[in-house]
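Only one structure is covered here, and it is reproduced in the block below.
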Amino acid sequence: MVFGDELVSISTLTPGGYGSKAPSCPEDDSPIDGSPMPLGSTAAHDPTGVRDPCASEVEVPGCERASKNINKHPGTNGALFSGTTDPIEWLKSISSKWQSVWEAEGVYRVERVEARDRRKFFVTAAFPYPNSPIHIGNARSYVLADIIARHRRTRGENVLYPMGFHYTGTPILTMAESIEAGDTELIDLFVNIYNVPREIALKLSKPIDLAQYFHRISRDSMKILGLGIDWRREFTTIDPYFSSFIRWQFELLREKGFVTRGTYPVGWCPKHGMPVGGHDTKDDKDPEIGEFTLIFFKDENGRVLPAATLRPETVFGVTNIWINPDADYVEAEVEGSTWIISKRSYEKLLYQKRGVKYIRSISPEELLLKTAINPITGEKIPILPARFVDPETGTGVVMSVPAHSPDDYQAYTEILKNAEGIKPNEPRVVIRVPGIKGIPAKHFVEKHRVKDQLDREALEKATKELYSLEYNLGSMERDLSRLVKSDRHDQGFLVGFIKGWVEGKRIPEARENISTFIKLSGVGDSLYEITNKPVYCRCGTEIVVKMLENQWFIDYSNQGWKTEGLELLRSMYIQPPEMREYMANLIGNLREKPCARTRGLGTPLPWDTEWIIESLSDSTIYMAFYTISHKLREIVKDPSMLGKSFWDYVMLGKGDPGSIARNLGIKREDLEDLRKDFLYWYPLDLRVAGKDLANNHLLFFIMNHVAVFPRDLWPRAMLIHGWVLREGRKMSKSLRNILPVSRAVDLYGSDSVRIALSTLSEEGQDLDFRHEAAVSIAENIRRIYELLEKLVKMPVREDPSELDKVYASRIVRSILRADDALEKLRVREAGIGIIYDVANTIAEYIRRSDSVWKEILGIVRAWVIMLSIYAPHAAEEIWHSVLGEKSLVVRESFDREDLRRYIDRDLELKHIYLRSLSEDLTEIISILRKKPSRVVIYTAPQSEIEILRKSLEAQRKGEGIRPVMEAYLGKLGLGSRDEEALRIKRIFDHASSLSEELASMILEGAVIDEIVVIRSSLETLREATGASVIEVYGSWDPSAPDYRGKKKEAMPLRPGIYVE
């Protein structure tokens, strides 16, 4: 396509999301004539709504044909642009220019305003750890928050977007220690990936030096990314002012009974001797702790073989004990008894049990083919070998339940074939599952065609399916008490328990009952494991579970507190919406969480200063601190003066401000001003974070807000996004593919990075950041600049043509659709509309018109304001250099209601309809390969537009055809119900084939009289088709001739066509 003097390729399709296929491209690279398009030109409209991604003005990243014009390394001049302009270098130059202007003007510094007609909007993103420079994965949060903030500014709202830095915890400390120890791998990472000069990297061995260095680098990276942050409010979590705030929060939690001290299982670093959370581990992996039930089987010598299980209810079906013949086992004294366990289990038990002592190493041969006693049934069962037993998990001793475990069943069948002498007992069904006869495990082993014990994929599928089915639908058999041996002294007691508390019970209830009974009766215990192991401390040591005594915890298990947390979660607007149920389940499963460490940076507990509040506990309500942080330092010179009374007043409105001010030696009006600032900005309107924080930080953010603040100050919304990949791979230090923001901006320009991070996938999906996509985005931004240069140079008309009105309506609808999407936090959808759809519509308008309607230029002005949301630097340059404006576009807003006057859906529908009809005619005639003598067009009844609309509504709701049949069957006057049902079905099926453009206009109420529209456009259609005679009939007219049955083919918005 020729645009000016250059070959340009702007696409109406959009960048593909993560996992989507790149759109296909035609091979023909020839330019298309740039003159106004006649009706019938296939380049003007695709009636299906699927447009060629390489046939219009804004290119799709990933488009093969387009990529032929992309230099493989950014920064190399191409032939796509005016003169020798390189798009990336151009972006970088205008970015630095406008960032300097914005900073000098203090554009993003905001204060409380008293005007009641101006809404406020307060947005935050998770603040970073300065133990490395922020990378594009972190930046996705910051860019999404910035986009929402900028959108709100375009609506005239008073917007606060602040930022701080999280120094708390061990990550900074551990990294500094590694440098001090001369860790060559880490130093190499600093130098070659983070671009830290080697001489500086070697000096970052003190935690504060390292934190301050990366703090500065990360702040500068945020600035060059164009984030609209009020930097006056910046703080760190070791700032004494902030520490006073955190001390107040914890004193309040303790007063309410939410901070407790006790003995609980925690993730533990053996090297540093302290509990750890997600922020203390490599890859920020939160240690997940699961509880196993230990069942004490005893061998012939009275030694305990503690089988670890998550399904204690299956103890009635145990046929044998498995141990790994290749593993190392030990005898150990545990709380007065002799246990036989794997060596690794012994090492882990040292952290969980008292009085654990090593006795001796024991060979599996000493145990195999011996017997053990089931503590519940009293049965003797054999001890047999199985190499699938993992000595690293549980105790290395496994009870075999072949009727209900695919692993055990497969091992059972193999041992029957190969073993001599002692064999396992027969499988015993103890859980009844609806619809399954015989042995459940056998059913699923055969279903998934398990080959042998090493067929892990099939076994895991079988296990997952069976366990889920039994847990959700299964119930215990009703005759289990018969299994208790009669010679037991406690037979009567056991039988009574089993009859009353196990038999016939659903699995969740039976599991809880039998587990409790086993532990209380002394025939079992608990063992805790890291279920998502291996998890490593940042020092490299594998995390274990420790029963920690006298540890401070936040008691998130409190049911009343959870109820309020769920109330807040239900009240919030959440994008994507499926995260609500996910997080509700997590809140329901919350338990006590360690809230302090003995090592690391941070704020000491106010009542026990040997403990330092850990990083996931001091980052829950810090958003409130932003509201006053910049003024607080000016008003209160000595942060040690800030105590409970000060924060009670500012945050909760408690106490006498006059008395508090006198005690602090400050003015009462200054204190009251801080309170007003807090109440002005709170509640927080939006929290933006990655999905990895949905498992921890966002849960604690919710719980602490309901604990500290009244309901009217609870947060209102969350935007939770996916991770960022690079070239299809997860970013990691080991892959050495981390892309710091500073490097990304240098490679592609800030606006390219911003658009890539906000439009290359839906918010909730993982985003794949690719080189060619980022380069293509940079080129598209430059094309938009040149597109508008061409537009403003066109002659200007005062009076509009019909075509002007059509394009004005299309542009405005795209702008307002994007505006609505941003209101709903659908950032990608809005970005596609603003950056691609509007640009392509303007490009199409330029091709079809030799002058521009004056009011189109006014609409374009609003579009550039919207463009500044995603590409603020390019929009600022266009605003000044192309549109000639004097103000700053990033400060501009516009009246949405004023724009709505340009919307004319009926006119747009008429325009699209005629283009589609012209294209259909052109296609038919091209097949005939000769000039037609006559064209006959049949239109459907106008009333069928309503059936089409009802069909679209039903399809959007996923309701199917039934409501459409119920509304119209028997009302069409076609003679028989069968005929009417067939007609309704054809219209329903036709609705699903409409382009999104047509469908949206029909749903929004657009109407059209097809026969009137065609008859009023006959001359244009004759010119487009070359037909001398065009006849138009209503398909419902019995007097109209029916050529080759084309009358019945007429559908609403798709006429029947006969050509001769």
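The values are calculated or read from the model by the stated rules, or taken from the named source; none is laboratory data. A quick note: this is a predicted structure, and the numbers were derived from the prediction, not measured. As a convention, Cβ positions derive from the backbone with ideal geometry for all residues, glycine included, and neighbour counts pool all protein chains shown.
Details
- Residue pairs whose Cβ atoms lie under 8 Å apart, sitting 6 or more positions apart in sequence or on different chains, and linking a residue in segment 368-387 that is outside the structural domain of LYS499 (by TED's automatic domain parsing) and closer than 21 Å to GLU313 by Cα to a partner that is surrounded by fewer than 20 Cβ atoms within 10 Å (Cβ to Cβ) and of a type in the set (Asp, Glu), do not occur here.
- Only one entry of PRO434, PRO391 meets the criterion of being over 16 Å from THR314 (Cα atoms) and either part of a helix (DSSP H, G or I) or without any contact (Cβ under 8 Å) to a residue 60 or more places away in the chain (or both), and that entry is PRO434.
- Once segment 660-674 is narrowed to residues that are under 41 Å from the mean Cα position of the chain (by Cα) and not hydrophobic (A, V, I, L, M, F, W, C), the residue that is nearest to THR627 (Cα to Cα) is ASP673.
- Only listed residue being assigned to a helix (DSSP H, G or I), touching a helix residue (DSSP H, G or I) at 6+ places or on another chain (Cβ under 8 Å) and among the charged types (D, E, K, R), chosen from LYS886, LYS910: LYS910
- Test: residue in segment 404-418 that is assigned by TED's automatic domain parsing to the domain that holds ASP326, in a strand (DSSP E or B) and within 27 Å of ILE514 (Cα to Cα): no
- Pairs where the first residue, in segment 650-674, is over 21 Å from VAL708 (Cβ atoms) and the second is acidic (Asp, Glu) and buried (at least 16 other Cβ atoms within 10 Å of the Cβ), C-beta under 8 Å, 6+ apart: ALA661/ASP670
- Matching residues in segment 330-342 - criterion: being surrounded by fewer than 24 Cβ atoms within 10 Å (Cβ to Cβ) and not small (Gly, Ala, Ser): VAL330, GLU331, GLU333, VAL334, GLU335, THR338
- Hits in segment 691-724 (condition: in contact with a strand residue (DSSP E or B) (Cβ under 8 Å, 6 or more places away or on another chain) and not in a helix (DSSP H, G or I)): PRO715, ARG716, ALA717, MET718, LEU719, ILE720, HIS721, GLY722, TRP723, VAL724
- Filter pass, GLY504 being farther than 30 Å from GLU185 by Cβ, surrounded by 18 or more Cβ atoms within 10 Å (Cβ to Cβ) and of a type outside the set (Ser, Thr, Tyr): no
- Residue among PRO715, PRO710 that alone is surrounded by fewer than 18 Cβ atoms within 10 Å (Cβ to Cβ) and either at pLDDT 95 or above or over 30 Å from LYS654 (Cα atoms) (or both): PRO710
- Subset of segment 955-971 that is in contact (Cβ under 8 Å) with a residue 24 or more places away in the chain and either touching a strand residue (DSSP E or B) at 6+ places or on another chain (Cβ under 6 Å) or part of a helix (DSSP H, G or I) (or both) - its residue that is farthest from SER1000 (Cα to Cα): VAL964
- Residue that is free of Cβ contacts under 8 Å to residues at least 40 places away in the same chain, on the phi < 0 side of the Ramachandran plot and among the aromatic types (Phe, Trp, Tyr), where the choices are TYR346, TYR351: TYR346
- Residue within segment 314-321 that is part of a strand (DSSP E or B) and more than 16 Å from SER361 (Cβ to Cβ) present: yes
- Some residue of segment 586-605 being at pLDDT 95 or above, surrounded by fewer than 21 Cβ atoms within 10 Å (Cβ to Cβ) and of a type in the set (S, T, N, Q): no
- Only one of the numbered conditions (1) touching an Asp or Glu at 6+ places or on another chain (Cβ under 8 Å); (2) at positive phi is not met by ARG478, and that is (2).
- Listing of helices (runs of 4 or more DSSP H) fully contained in segment 746-864 that carry 3 or more residues being surrounded by fewer than 20 Cβ atoms within 10 Å (Cβ to Cβ) and out of contact with any Lys or Arg (no Cβ under 7 Å at 6 or more places or on another chain): 771-793, 802-823
- Options ILE1011, ILE987: the member that is in contact with a Leu (Cβ under 7 Å, 6 or more places away or on another chain) and either over 30 Å from SER814 (Cβ atoms) or touching a residue at least 24 places away in the same chain (Cβ under 8 Å) (or both): ILE987
- Filtered residues of segment 443-492 (kept if of a type in the set (Gly, Ala, Ser), over 14 Å from VAL433 (Cβ atoms) and part of a helix (DSSP H, G or I)): ALA458, SER481, GLY492
Quick grid of which residues meet (1) outside any helix (DSSP H, G or I); (2) touching a helix residue (DSSP H, G or I) at 6+ places or on another chain (Cβ under 7 Å); (3) at pLDDT 95 or above:
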{"site": "ARG216", "(1), (2), (3)": "no, no, yes"}
{"site": "GLY226", "(1), (2), (3)": "yes, yes, yes"}
{"site": "ARG232", "(1), (2), (3)": "no, yes, yes"}
{"site": "ILE238", "(1), (2), (3)": "yes, no, yes"}
{"site": "TYR241", "(1), (2), (3)": "no, yes, yes"}
{"site": "PHE245", "(1), (2), (3)": "no, yes, yes"}
{"site": "TRP248", "(1), (2), (3)": "no, yes, yes"}
{"site": "LEU253", "(1), (2), (3)": "no, yes, yes"}
{"site": "GLY257", "(1), (2), (3)": "yes, no, yes"}
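- Tally, over segment 923-954, of residues that are surrounded by fewer than 18 Cβ atoms within 10 Å (Cβ to Cβ) and either part of a helix (DSSP H, G or I) or among the basic types (Lys, Arg) (or both): 11
- Checking each residue in segment 723-738 for being surrounded by fewer than 21 Cβ atoms within 10 Å (Cβ to Cβ) and touching a residue at least 12 places away in the same chain (Cβ under 8 Å) picks out TRP723, LEU725, GLU727, GLY728, MET731, SER732, LYS733, ARG736, ILE738.
- Any hit, segment 226-234, residues being buried (at least 20 other Cβ atoms within 10 Å of the Cβ) and either basic (Lys, Arg) or under 30 Å from LEU527 (Cα atoms) (or both): yes
- Of all residues in segment 183-199, those satisfying the criterion of being touching a helix residue (DSSP H, G or I) at 6+ places or on another chain (Cβ under 7 Å) and in a helix (DSSP H, G or I) are LEU186, ILE187, PHE190, VAL191, ARG198.
- Wholly enclosed helices (runs of 4 or more DSSP H) of segment 972-1030 bearing at least 2 residues closer than 17 Å to ILE945 by Cβ: 977-991, 996-1003, 1010-1015
- Those residues of segment 780-816 which are without any contact (Cβ under 8 Å) to a residue 40 or more places away in the chain and within 30 Å of PRO577 (Cβ to Cβ), in sequence order: SER814
- Evaluation of ASP1009 against (1) within 19 Å of ALA1050 (Cα to Cα); (2) in contact with a helix residue (DSSP H, G or I) (Cβ under 6 Å, 6 or more places away or on another chain) (one fails), failing number: (2)
- Of the residues SER629, SER617, SER640, the single one that is hydroxyl-bearing (Ser, Thr, Tyr) and under 21 Å from ASP286 (Cα atoms) is SER617.
- Residues in segment 155-204 that are crowded, with 23+ Cβ neighbours inside 10 Å and under 30 Å from ASP895 (Cα atoms): VAL159, LEU160, TYR161, PRO162.
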